[in-house]
Amino acid sequence: MDYIVFARWFGLVSLFLSLGILFNMEDAREMAKNMVKSESGYIMGGVLPVIFGSLSILFANSFEFSWALLITLVGACVLLVGVFRVIFVKQWKILISHYIEQIPFLFSLFGLMFGVILIYIGFIANNI
């Protein structure tokens, strides 16, 4: 799997999840509140970013100045966030609880930005 396939896949997933959250904001707020209180929040908030971030680094690991570098940096950021959430669970829960009302909108906003950038890289930039 090269970085183009990864950008297409992760871009589409990010875009669809973000749009789902954006169009169901009240439900997303309720899920976020419940996520902080349950073990599923640990899995969704920490384990999945570690998995996706490490996959990004494994399959799109390039430090040459190209689109692959952006994919590598996004993957590294996702991995670092996931590692923080897995290691510092108590601090993560405190932070999430403090900003629980704003988090679904911000998650959707950043997910849309990442999704659009990755879709551009995967489907458009390499065809020009």
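The values are calculated or read from the model by the stated rules, or taken from the named source; none is laboratory data. Worth saying up front: this structure is predicted, and the values here are computed from it rather than measured. Positions of Cβ are backbone-derived with ideal geometry, glycine not excepted, and every protein chain shown enters the neighbour counts. For accessibility, only protein heavy atoms count, side chains too; no ligands or nucleic acids. Shrake-Rupley method; radii C 1.70, N 1.55, O 1.52, S 1.80 Å.
For K33, list the aspartates and glutamates whose Cα falls under 19 Å from its own Cα; do not include residues on the same chain fewer than 8 positions away.
The qualifying aspartates and glutamates are E101.
Show me, bin by bin at 10 Å from 0, the whole-percent P(r) of region 5-128 based on Cα pairs.
14, 40, 33, 12, 1
Through the Karplus equation 6.51 cos²θ - 1.76 cosθ + 1.60, θ set to phi - 60°, convert the phi angles of region 28-45 into ³J(HN,Hα) values in whole Hz; use x for Gly and Pro.
Each residue of region 28-45 in turn: 5, 5, 5, 5, 5, 5, 6, 5, 5, 8, 10, 5, 5, x, 5, 5, 5, x Hz.
Could you name the aspartates and glutamates whose alpha carbon sits less than 18 Å from that of K90, not counting residues in the same chain fewer than 8 places away?
Hits, sequence-local ones excluded: E39.
For region 1-44, what % of the accessible area comes from carbon and sulfur atoms, probe 1.4 Å?
67
Would you mind finding the longest exposed-site-free stretch of the chain, with exposed GluC sites (Glu not before Pro) meaning DSSP loop and at most 11 other Cβ atoms within 10 Å?
With a cap of 11 other Cβ atoms within 10 Å, the longest stretch comes to 1-63.
Between region 31-85 and region 110-128, what's the alpha-carbon centroid distance in Å?
17
So what are the ³J(HN,Hα) numbers for region 91-99, from phi and the Karplus equation (6.51, -1.76, 1.60; θ = phi - 60°), rounded to whole Hz, Gly and Pro as x?
Listing the rounded values in order: 5, 5, 5, 5, 5, 5, 4, 5, 10 Hz.
If I fit a long axis through the Cα atoms of helix 48-59 and take the longest principal axis of the Cα atoms of the chain, what angle between them do I get, 0 to 90°, rounded to 10?
Taking Cα atoms only, the helix is inclined about 10 degrees.
To the nearest 10 degrees, how steep is helix 3-23 against the longest Cα principal axis of the chain, on a 0 to 90 scale?
That helix lies at roughly 30 degrees to the long axis.
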